[in-house]
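Enquirer: Okay, handing you the structure first.
The values are calculated or read from the model by the stated rules, or taken from the named source; none is laboratory data. All values reported here derive from a predicted model rather than from experimental measurement. Cβ sites come from the backbone with ideal geometry, for glycine too, and all protein chains shown count toward neighbours.
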Amino acid sequence: MVFKKKPVKIRLYYSDSALNKGEKVLLRSDQAHYIRDVMRARISDAVVLFDGITGDWFATISEISRKKVEVRVEHLVSEYVKSRDLMLCIALVKQDTMRSVVRQATEMGVTQIQPIRTEYSVVSDINVQKCRQWAIEAAEQCERQDIPEIASVMEFTHLNDLGKKLVLCDETGKGKMPAEVLRSKENLGIIIGPEGVFPRESLSVQRVFVKRCLWGIGF
């Protein structure tokens, strides 16, 4: 009788340091809870770890208890491939919407998420750590090898300080097509507005960002 090897169902982000073959690492308490109490994993069960530096590693559980879960790093599964630098500048929205934006941006390969405060923003701030956790969870599930950076909130009018070629998603449809803009090899910052449309302040973007802005994307 031939027994098929169970597929690896657990993939976790290890943030303490770069992983190395043969080392044993302790998982965070929330990860230990997930492995022990949710997935009901046992000693010798397989786990994939990624560190955002070296790539994805095959590992096995070497110790599991109420206090800790330790895994042994066995071998590299896939080497780290750096994502193209792509920033998403998102006007502040309510928590449920922001969670969806962070998760989907992570799945699509955005490397930096810059929350921005506009005149019509429905909230004034966000929990950066909570956003980062949403990004980690999305990366673990979609097999992405790194975690996008979540920046602190900045004012819409200060976006020029980022030093990016900025692209405004223009709902009028008068701008360039997305595929044309994204072919650019420059580091881009894509701006998406609040729930509704951009306020009058956005009309000054051409003047403020004239040297760096690709004005609008048509959809």
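Matching residues to (1) of a type outside the set (Val, Ile, Thr); (2) part of a loop (DSSP other than H, G, I, E, B); (3) surrounded by fewer than 19 Cβ atoms within 10 Å (Cβ to Cβ); (4) modelled with pLDDT of 95 or more:
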residue: Met1; (1), (2), (3), (4): yes, yes, yes, no
residue: Ser17; (1), (2), (3), (4): yes, yes, yes, no
residue: Asp30; (1), (2), (3), (4): yes, no, yes, no
residue: Ile35; (1), (2), (3), (4): no, no, no, no
residue: Val48; (1), (2), (3), (4): no, no, yes, yes
residue: Leu76; (1), (2), (3), (4): yes, no, yes, yes
residue: Leu88; (1), (2), (3), (4): yes, no, no, no
residue: Val93; (1), (2), (3), (4): no, yes, no, no
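Enquirer: Take the conditions in contact with a strand residue (DSSP E or B) (Cβ under 7 Å, 6 or more places away or on another chain) and assigned by TED's automatic domain parsing to the domain that holds Ile190 and apply them to Val102. Does it pass?
Expert: yes
Enquirer: Can you tell which of Ser124, Ser100, Ser83 is under 20 Å from Asn187 (Cβ atoms) and loosely packed, with under 14 Cβ neighbours inside 10 Å? Can you show your working first?
Expert: Numbers: Ser124 fails: under 20 Å from Asn187 (Cβ atoms); Ser100 fails: under 20 Å from Asn187 (Cβ atoms).
After ruling out the rest, the residue left standing is Ser83.
Enquirer: Out of curiosity, is Lys9 over 17 Å from Pro148 (Cα atoms), modelled with pLDDT under 90, among the basic types (Lys, Arg) and surrounded by 11 or more Cβ atoms within 10 Å (Cβ to Cβ)?
Expert: yes
Enquirer: So, one more: Please go through the stretch 105-121 and pick out each residue that is surrounded by fewer than 16 Cβ atoms within 10 Å (Cβ to Cβ) and either free of Cβ contacts under 8 Å to residues at least 60 places away in the same chain or not assigned by TED's automatic domain parsing to the domain that holds Asp161 (or both).
Expert: Within the stretch 105-121, Glu107, Met108, Gly109 qualify.
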